[in-house]
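To start, the structure itself, in structure tokens.
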Amino acid sequence: MARIFKIRTKKVGQPPGTLVHVGEARTEPVRITVLDYDLDQLQEFCVTSIDQCLDFKKKPSVTWINVVGVHRPKVIEKIGDCFDIHPLILEDILNTEQRPKIEDFDDYIFIVLKMLSSDDTDDGMEEIRSEQVSLIVGQGFVISFQETGGDVFDPVRDRIRKSKGKIRKTGADYLAYALIDAIVDNYFLILEDVGEDLEVLEEELVTNPSSDTSHQIHEMKRDMIFLRKSVWPLREVISRLSRGESEIFEESTEIYLRDVYDHTVQVIDAIETFRDILSGMLDIYLSSISNRMNEVMKVLTIIATIFIPLTLVAGIYGMNFDYMPELRWRWGYPAVLLFMLFTGFLMVLYFRRREWL
């Protein structure tokens, strides 16, 4: 869910980050920013009314409308009315538990992706967080819906502002590719953090495995399952886009989408590799614990075996019979002690010769 802020009204032309007043009493923020550009001009601002987005619907330039905050149905419904978005699509935008998918309509394409981020936890490991990003790509416009304000789109915004590369020379399909590529590239950063955690966990597993190690391994295995569920369906989404099945994506953009598809396959391969490594680490952990227990049991067994004959001697001379040999012998007690020590020494020597110690 989005963090809670106080809603305040700003005018068009003020910097991004402004919260939109939509006439509702709820305190959950909705922030709508607009980037409208072509090769020669750029406009960037926040809107104070959703109706203002209609001014960019038929413009020949490329318009990127970014909506932050998808937990207010009336706002999303109003945006849908402005751009003739199907009610089922609006329902999928509001339901942030969707798996990555693509739906092709006549006038636009609807794409759902998972944007990942990671935070350090108290035990030094990475906690992976997921946020649903919905994209509506039409002729000349892209509308993106995010749950919270944090995203990985800053490099795309920087390229638009500074007119880097082809982004200002191409259409909305290339902008959609750039947004998808930014999300996929961020997966590599997440996997890099996961790889570092694996190295730390592997070192701990070798030097000093404990119950916390087992807990961390299981946590990371759950993270890998979570990552796989977030990334695996994305491969089919990008595959459909790169096959040129939609008229919205031009042929010149398809080669870039195929590059994103290759990156997605690499991410999936890395996730599968990490899953295999974690399964092997869990087997190593169980083997290590079992070996440690076997070592402890071996030492206890040897100690018990050494004391068996000594206990036998002590038991014999602890019987209360009047006529037992050596009972009245002056040197009987030290002789029995020496015999018991000698017996224990011989057994230890025997165990060492058999390499049991």
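State yes or no: is SER246 of a type in the set (Gly, Ala, Ser), surrounded by 14 or more Cβ atoms within 10 Å (Cβ to Cβ) and not in a helix (DSSP H, G or I)? Talk me through it step by step, then tell me what you get.
Values: of a type in the set (Gly, Ala, Ser): yes; surrounded by 14 or more Cβ atoms within 10 Å (Cβ to Cβ): yes; not in a helix (DSSP H, G or I): yes.
Answer is yes for this residue.
Can you find even one residue in the stretch 242-249 that is in contact with an Asp or Glu (Cβ under 7 Å, 6 or more places away or on another chain), closer than 15 Å to TYR177 by Cβ and polar (S, T, N, Q)?
yes
Among (1) in a helix (DSSP H, G or I); (2) of a type in the set (Gly, Ala, Ser); (3) without any contact (Cβ under 8 Å) to a residue 24 or more places away in the chain, which single condition is SER288 missing?
(3)
Could you figure out which of (1) crowded, with 19+ Cβ neighbours inside 10 Å; (2) under 30 Å from SER290 (Cα atoms); (3) of a type outside the set (A, V, I, L, M, F, W, C) isn't true of GLU219?
Checking GLU219 against (1) crowded, with 19+ Cβ neighbours inside 10 Å; (2) under 30 Å from SER290 (Cα atoms); (3) of a type outside the set (A, V, I, L, M, F, W, C), the one that fails is (1).
Mind listing just one residue for me: the one in the stretch 56-79 that is assigned to a loop (DSSP other than H, G, I, E, B) and in contact with a strand residue (DSSP E or B) (Cβ under 9 Å, 6 or more places away or on another chain) and, of those, modelled with the highest pLDDT? First the steps, then the outcome.
Kept after step one, since they are assigned to a loop (DSSP other than H, G, I, E, B), are these residues of the stretch 56-79: 57-61, 69-72.
Still in the list and also in contact with a strand residue (DSSP E or B) (Cβ under 9 Å, 6 or more places away or on another chain): 57, 59, 61, 69-70.
On the way: LYS57: 74, LYS59: 80, SER61: 88, GLY69: 85, VAL70: 84.
Within the stretch 56-79, the match that is modelled with the highest pLDDT is SER61.
So, of the residues in the stretch 203-216 that are assigned to a helix (DSSP H, G or I) and hydroxyl-bearing (Ser, Thr, Tyr), which turns out to be surrounded by the most Cβ atoms within 10 Å (Cβ to Cβ)?
THR213
Any idea how many residues of the stretch 122-151 are closer than 30 Å to GLU202 by Cα and not in a strand (DSSP E or B)?
Number of matching residues: 4.
Determine which member of the set CYS82, CYS53 is in the same structural domain as PHE226 (by TED's automatic domain parsing), out of contact with any strand residue (DSSP E or B) (no Cβ under 9 Å at 6 or more places or on another chain) and assigned to a helix (DSSP H, G or I).
The match here is CYS82.
Quick one: in the stretch 30-50, of everything that is touching a residue at least 12 places away in the same chain (Cβ under 8 Å) and assigned to a loop (DSSP other than H, G, I, E, B), which residue is surrounded by the most Cβ atoms within 10 Å (Cβ to Cβ)?
Checked the stretch 30-50; the qualifying residue surrounded by the most Cβ atoms within 10 Å (Cβ to Cβ) is VAL30.
The values are calculated or read from the model by the stated rules, or taken from the named source; none is laboratory data. The structure displayed is predicted, hence computed values, not measured ones. Because the Cβ atoms are built from the backbone with ideal geometry, glycine has one as well, and the counts that use them run over all protein chains shown.
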